[in-house]
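Participant: Below you will find the structure I want to go over with you.
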Amino acid sequence: MNRILCSTGALIGRPNGRNYKLLSELKNKIKVDGFEFMMYDSWYGEKDELISFLKTLDLNIPVMHFEKSIGEIISKGDKTETEKAFLNFEINASMAQSLGIKKAVLHLWGGIASDRNFENNIKAYPKLNKIAGNYGITLLIENVICNNLDPLTRLKELSSIYPDIKFVFDTKMAQFHRQMPLIYKEENNFLFKENRVGHIHLNDYRGEYMDFTNLKVLPVGEGDVDFKSFFEYLKKIDYSGDFTMESTAFNKEGIVDTNMLNEEISLIKKKYLLEN
């Protein structure tokens, strides 16, 4: 049965000081099957305290979203900085292992550099995947937005070079590039029908094609993504993986709207999962 998770990144961010201790009061207010833990770059110095705290909460955390700047640094191609990115990646993998997490989401590229130097990202993947494997982690590469080509093209390139590579599919990032309808086409069967997608991020997007000024992560149903067709397709191919909601739930003051998240969960279950 498909589980619905909530990203901790939807709850914890800059407006509330990235205070992960807020999870102790929020965990029981959200009616989800578990959480996807989002790692921030400001937490490296307190990783041991963070791990200890999360263990006291006894959360179900099947997936960890590795810290986002790792892929961005690799994209830039600086040798010294890239080695630092590999070290940070290993810290993330070690944390995941300590928490009993078996799947990790990675932005293999990102930031201003994005996919402009994609050869750097291609070359880095085997080492990253090997490190993840050493810690018992299945690495999932996300269809991150691009500023040179597009996510689907980049995933296709990676899958042609690394036949065993696995992905996480993000609906907002696909819609940003107007690629949601493309995933159903025969030439893109490599994504879902070859079982490369090991996890799905559910987000909505309301904006023009590649509108970089309009990147707010919206709840399902508040944007332009055709979720009805998407969930019908997932049923048709018998997708058995989990979903993570990533819709930003905190306001400018850092207050978290748990009611919004619970309404989103209810919508997904009643309108899409149970209907189909």
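Participant: Cα convex hull of the stretch 100-142: mean projected area in nm², to one decimal? Before the final figure, lay out each step's value.
Facilitator: On the way: hull surface 12.3 nm².
Average projection, Cα convex hull of the stretch 100-142: 3.1 nm².
Participant: How large, in percent, is the carbon and sulfur part of the accessible surface of the stretch 95-168 at a probe radius of 1.4 Å? Numbers along the way, then the final one.
Facilitator: On the way: 1480 of 2950 Å².
Percent of accessible area from carbon and sulfur atoms in the stretch 95-168: 50.
Participant: Relative contact order for the stretch 42-123: what percent, with Cα pairs under 8 Å and sequence separation of 6 or more?
Facilitator: Values: 94 pairs, mean separation 33.6, N = 82.
Relative contact order of the stretch 42-123: 41 percent.
Participant: Right, next: Label points 7 Å out from Cα along the Cβ direction at LYS236 and GLU186: separation in nm?
Facilitator: 1.4
Participant: Sticking with this one: Name the residue, out of VAL105, VAL225, VAL256, whose mean-square fluctuation peaks in a Gaussian network model built on the chain with Cα pairs under 10 Å.
Facilitator: VAL256
Participant: Hey, another quick one. In whole Å, what is the distance between the alpha-carbon centres of the stretch 122-189 and the stretch 22-80?
Facilitator: 21
Participant: Moving to a separate point now. Please provide three numbers in whole Å: the alpha-carbon extents of the stretch 39-142 along the principal axes, with the largest listed first.
Facilitator: 42, 24, 19
Participant: Can you give the longest run of the chain that contains no trypsin sites (Lys or Arg not before Pro) sitting in a DSSP loop with at most 11 other Cβ atoms inside 10 Å? Provide the component values of the computation, followed by the final result.
Facilitator: On the way: sites that count: LYS185, LYS252.
Result for the longest clean stretch: 1-184.
Participant: Give the Rg/Rh ratio for the chain, taking Rg as the radius of gyration of the Cα atoms and Rh as the Kirkwood radius, to two decimals. Kindly include the intermediate steps, with their values, before the conclusion.
Facilitator: Details: Rg = 17.7 Å, Rh = 19.0 Å.
Rg divided by Rh gives 0.93.
Participant: Which whole-number percent gives the relative contact order of the chain, counting Cα pairs below 8 Å spaced six or more residues apart? Working shown, then result.
Facilitator: Numbers: 471 pairs, mean separation 56.5, N = 276.
Over the chain, the number comes to 20 percent.
Participant: With the cut-off at 27 Å, tell me which of the pairs LYS29/LYS84; LYS55/LYS270; LYS68/LYS103; LYS130/LYS235; LYS27/LYS271 have Cα atoms farther apart than that.
Facilitator: Working: LYS29/LYS84 38 Å; LYS55/LYS270 32 Å; LYS68/LYS103 16 Å; LYS130/LYS235 32 Å; LYS27/LYS271 24 Å.
Result: LYS29/LYS84; LYS55/LYS270; LYS130/LYS235 exceed 27 Å.
Participant: With n ≥ 4 as the cut-off for DSSP H runs, can you work out [θ] at 222 nm for the chain, using -39500 (n - 2.57) per run divided by the number of residues, rounded to the nearest 500? Don't skip to the answer; put the middle values down first.
Facilitator: Details: 10 runs with 101 residues, N = 276.
Dividing the helical sum by the residues of the chain leaves -11000 deg cm²/dmol.
Participant: Under the rule that an exposed site lies in a DSSP loop and has at most 12 other Cβ atoms within 10 Å, name the longest stretch of the chain with no GluC sites (Glu not before Pro) of that kind, not counting the sites themselves. The partial results should precede the final answer.
Facilitator: Numbers: sites that count: GLU194, GLU208, GLU253, GLU275.
Answer - 1-193.
Participant: On average, how much accessible surface per residue is there in the chain, in Å², for a 1.4 Å probe, leaving out ligands, DNA and RNA?
Facilitator: 46
Participant: Hey, rough spin-label estimate for MET210 and ASN134, points 7 angstrom out along Cα→Cβ, what's it come to in nanometres?
Facilitator: Roughly 3.8 nm, to one decimal.
Participant: Then there is this: What distance in nm separates the two pseudo spin-label positions at SER160 and LYS84, each 7 Å out from Cα along the beta-carbon direction?
Facilitator: For SER160 paired with LYS84, the spin-label model returns 3.4 nm.
Participant: Okay, moving on. Once Rh for the stretch 13-53 is found with the Kirkwood sum over Cα pairs, what is the Stokes-Einstein diffusion coefficient at 10 °C and 1.306 mPa s, in µm²/s? Kindly include the intermediate steps, with their values, before the conclusion.
Facilitator: Values: Rh = 11.5 Å.
Using the Kirkwood radius from Cα pairs, D works out to 138 µm²/s.
Participant: I've got another one for you. Return the lysines within reach of LYS79: Cα separation strictly under 16 angstrom, same-chain partners fewer than 8 residues apart disregarded; answer none if there are no such residues.
Facilitator: Straight-line reach from LYS79, under 16 Å: LYS123, LYS127.
The values are calculated or read from the model by the stated rules, or taken from the named source; none is laboratory data. What you see is a predicted model; the values in this text were computed from it and never measured. Glycine also receives a Cβ, built like all others from the backbone with ideal geometry; neighbour counts cover every protein chain displayed. For the accessible areas, the whole protein counts, side chains as well, though only heavy atoms, and no ligand, DNA or RNA atoms are used. Shrake-Rupley method; radii C 1.70, N 1.55, O 1.52, S 1.80 Å.
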